[in-house]
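Just so it is clear, none of the values below were taken in a lab; they were calculated from the coordinates. Source: prediction; values computed, not measured. Reconstructed Cβ throughout: ideal geometry from the backbone, glycine too, with neighbour counts over all protein chains shown.
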């Protein structure tokens, strides 16, 4: 819908400003409209307006749409500077944005109103009422915009109920009849002990009648964008979909890495020069501007990571690896600014160009932490099946981690990425990283 609003806004602007703009009659205008729509959508995705679980109210939505418009102006100005033939007149661009912003606001609030109605949510029946089933109630509390409604919980044999009593279903008919009568879209298997058996024949009947039958881990993967490791069965990782490598995707990913890193380097080199000078002045010429540290890369191979130095010299005097903490006293004044804006990570672009890292992937950790976490967290070393990234699925969904508990939570997102890696997921992650940088989420 919002793509259509952007296209109509551009068309309206060209028709209202014929003396100042091209009439919509040629290929150039078609290309310009396409660029306007694509850049507008990138701006909104970058502002988190399509982020899973976005909980912003009306004010937050208005502010982010205005910020998306501002970002779109910046991106289009840079594009027109590099490719002058694509330029849209300032008058046309201003009018198009002036039409698009209120149009998007009306469309978004209207769609939110409509989609929040129960008729547009998937209806879910959960088989089980114990600890595993209770996870559904926590998932609903994490977001006000969940796209499903739990019709009820059907207790299994020997289940001790851990869900609200009024949500229990006393099944007095066949599962097939119940799903048909209550218009169930998904049946989720969430027994604490599946060895008690479940109604195989009835579940097959449900599938044949168009009802999705899912394992609870698959449901959480779809709805939350993570692998729920505490309920994940090892066999599902082996026999299920995903966790596949493809040589053609690897080549395409390498091209995306080089294009993204070289493009970002061309844009940010003035900021890098500024950071280097500021660090040199703040440290009074003591120590190196670039901080080098060994990190664990793909297949567990070590590599040297580059960052701008944001901490005082000898931050780890005793040689022991220490997690960075909130308001860490070792971080310098300018270092705090760099960490907040992620400028300290710009030298990692050279790691991407060298092939040590990818633009998108799990965060590279220090070998000392990898050894400790690998011994305590299940499947931790699986995150090293892919190259570490400058940004990643975990980085845009979870704040900066500085503990084993944080590492476990981020691992759920890292393994989701490893399982479902694709060019589309990489591009989505790159675009949503803009929101993380601009709004300062998850920095230390």
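Here are the numbers for the structure shown:
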read-out	value
Chain lengthening between residue 327 and residue 207 when straightened (0.36 nm per residue, less Cα-Cα)	37.9 nm
Most fluctuating residue given options 403, 89, 422, as computed from a GNM of the chain linking Cα atoms under 10 Å	89
Cα-based convex hull, the range 72-175, per residue volume (Å³, whole number)	172 Å³
Nitroxide proxy distance, nm - points 7 Å out along Cα→Cβ at residue 237 and residue 1	4.1 nm
Extended-chain gain in nm, criterion 0.36 nm per residue less alpha-carbon gap, residue 230 and residue 174	17.1 nm
Inter-site label distance for residue 34 and residue 289 at 7 Å from Cα along Cβ, in nm	4.1 nm
Three-way shape label, the range 275-405, alpha-carbon gyration tensor, a/c 1.5	prolate
Difference of contour (0.36 nm per residue) and Cα-Cα distance, residue 340 to residue 160	60.1 nm
Long-range Cα-Cα pairs in the range 2-115 (distance over 26 Å), rounded percent	19 percent
Convex hull of Cα atoms in the range 118-224, direction-averaged projection (nm²)	6.5 nm²
Global geometry of the chain, whether rounded, prolate or oblate, following the gyration tensor of its Cα atoms and the 1.5 cut on a/c	oblate
Relative contact order (%) - the chain, alpha-carbon pairs under 8 angstrom, separation at least six	13 percent
Modelled label reach - residue 381, point 7 Å along Cα→Cβ, the range 331-371 residues with backbone N closer than 19 Å	362-371
Share, in percent, of DSSP beta bridges within the chain that are antiparallel, nearest 5	30 percent
